[in-house]
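The values are calculated or read from the model by the stated rules, or taken from the named source; none is laboratory data. Keep in mind that this is a model prediction, so the values were computed, not measured. Cβ atoms come from the backbone with ideal geometry, glycine included; neighbour counts cover every protein chain shown. These area figures cover heavy atoms from the full protein model, side chains too; ligands, DNA and RNA do not enter into them. Shrake-Rupley method; radii C 1.70, N 1.55, O 1.52, S 1.80 Å.
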Amino acid sequence: MGQGLWRVARNQQLQHQGYSGPSYLTREHGRRLATNSISNTNHRKQAQGGIDIYHLLKTRKSKEQEGFINLEMLPPELSFTILSYLNATDLCLASCVWQDLANDELLWQGLCKSTWGHCSIYNKNPPLGFSFRRLYMQLDEGSLTFNANPDEGVNYFMSKGILDDSPKEIAKFIFCTRTLNWKKLRIYLDERRDVLDDLVTLHNFRNQFLPNALREFFKHIHAPEERGEYLETLITKFSHRFCACNPDLMRELSLSPDAVYVLCYSLILLSIDLTSPHVKNKMSKREFIRNTRRAAQNISEDFVGHLYDNIYLIGHVAA
């Protein structure tokens, strides 16, 4: 009797709070369904994730079974073409897998000549047991030695038979090599003027505009950081070489090596003036023409104006 009265009172209380029996059961059932739905969703995600990982592992395993392309199974021309794109370090690593292909003399010969364009040994009959791979290692060793001590580097090349003891051969080697430190090279050329003379004659400035020719010259023979006897020597040698390469232009413009020397010096000073952040009042085109024609009176005003425009638009001639 007491329990029946308690149930009636409890039902009246739930109805008074807005909860009816059926609706309360429905909401409770909804909560359970929502919980089960979330659980099922998480389960599907986990299952889906498991499927993705499975496919990834399966794909990876199949790729591992396939392995790399075996260059030995390709036509030799195609294999050598692929290996020719490698540098010396990568080619040495490739030789661990494809020893016969990666050690081929033609590949190492191409590496030697692409880095050191000229060596005396190229034009000689190779000695017994000669190897371009070994030659590459010697050239690399000699270049590192040169960048530490130029004289020792040149002596190393000569001791290995790579270079002949000739200023012309040394000049050709320097002209065709880009691995030498330009600061050490500048010191070496300052001491070896005979090599410098042959190096200048290797340049061909025919039909080149004067500032562009000067840029090319200083790209191979770097100008000193300060003015002095060595800079004057470089400009003098360049002036004579430029006139020798352009005799028709010199006659047309009535220019002599001395006049070209004045123009080169003016271009260097103009380059410093226009590119230096410390110079606030830049030289104008009119001032440059007036100052240059004052130093070399026979020079055309239009020609000097074109010189100024070139420096203004392109930049320093000895950068």
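All but one of (1) surrounded by 17 or more Cβ atoms within 10 Å (Cβ to Cβ); (2) farther than 30 Å from V195 by Cβ hold for N281, so report the exception by its number.
(1)
How about the stretch 142-180: which of its residues are of a type in the set (K, R) and buried (at least 17 other Cβ atoms within 10 Å of the Cβ)?
K172
Could you list, in sequence order, all residues of the stretch 182-214 that are hydrophobic (A, V, I, L, M, F, W, C) and in a helix (DSSP H, G or I)?
Of everything in the stretch 182-214, those that are hydrophobic (A, V, I, L, M, F, W, C) and in a helix (DSSP H, G or I) turn out to be W182, L185, I187, L189, V195, L196, L199, V200, L210, A213, L214.
Taking S239 as the residue in question, decide whether it is modelled with pLDDT of 90 or more, closer than 30 Å to D197 by Cα and among the hydroxyl-bearing types (S, T, Y).
Criteria met by S239.
Between a residue in the stretch 299-315 that is open to solvent by 20 Å² or more (accessible area, probe 1.4 Å) and of a type in the set (G, A, S) and any residue that is in a loop (DSSP other than H, G, I, E, B) and modelled with pLDDT under 90, which pairs come within a Cβ distance under 9 Å, given they are 6 or more apart or on different chains?
Note: pairs meeting the criteria are S300/S254.
From the list I299, I272, pick out the single residue that is assigned to a helix (DSSP H, G or I) and among the β-branched types (V, I, T).
Going through I299, I272 in turn, the sole match is I272.
Would you mind telling me which numbered condition in (1) open to solvent by 70 Å² or more (accessible area, probe 1.4 Å); (2) in contact with a helix residue (DSSP H, G or I) (Cβ under 6 Å, 6 or more places away or on another chain) F205 fails?
(1)
Does the stretch 72-102 hold any residues that are within 26 Å of the chain's Cα centre (by Cα) and open to solvent by 30 Å² or more (accessible area, probe 1.4 Å), and which are they?
F80, T81, I82, S84, Y85, L86, N87, T89, D90, C92, L93
Suppose the filter is under 18 Å from L199 (Cβ atoms), among the hydrophobic types (A, V, I, L, M, F, W, C) and within 25 Å of the chain's Cα centre (by Cα); does W108 pass it?
For W108, the condition - under 18 Å from L199 (Cβ atoms), among the hydrophobic types (A, V, I, L, M, F, W, C) and within 25 Å of the chain's Cα centre (by Cα) - is not met.
Looking at the stretch 244-254, which of its residues are closer than 15 Å to H203 by Cβ and either open to solvent by 20 Å² or more (accessible area, probe 1.4 Å) or free of Cβ contacts under 8 Å to residues at least 12 places away in the same chain (or both)?
Passing the criteria: only A244.
So for the stretch 218-233 (the condition being of a type in the set (K, R) and modelled with pLDDT of 95 or more), does at least one residue qualify?
Scanning the stretch 218-233 turns up no residue that is of a type in the set (K, R) and modelled with pLDDT of 95 or more.
Considering only the stretch 218-235, I want to know if a residue exists there that is open to solvent by 10 Å² or more (accessible area, probe 1.4 Å), more than 30 Å from H306 (Cβ to Cβ) and in contact (Cβ under 8 Å) with a residue 24 or more places away in the chain.
No, the conditions are met nowhere in the stretch 218-235.
Return the pairs, sorted by first residue and then second, in which the second residue is in a helix (DSSP H, G or I) and modelled with pLDDT of 90 or more, the first residue lies in the stretch 255-282 and is over 13 Å from A295 (Cβ atoms) and of a type in the set (V, I, T), the beta carbons are less than 6 Å apart, and the residues are 6+ apart or on different chains.
V279/D273
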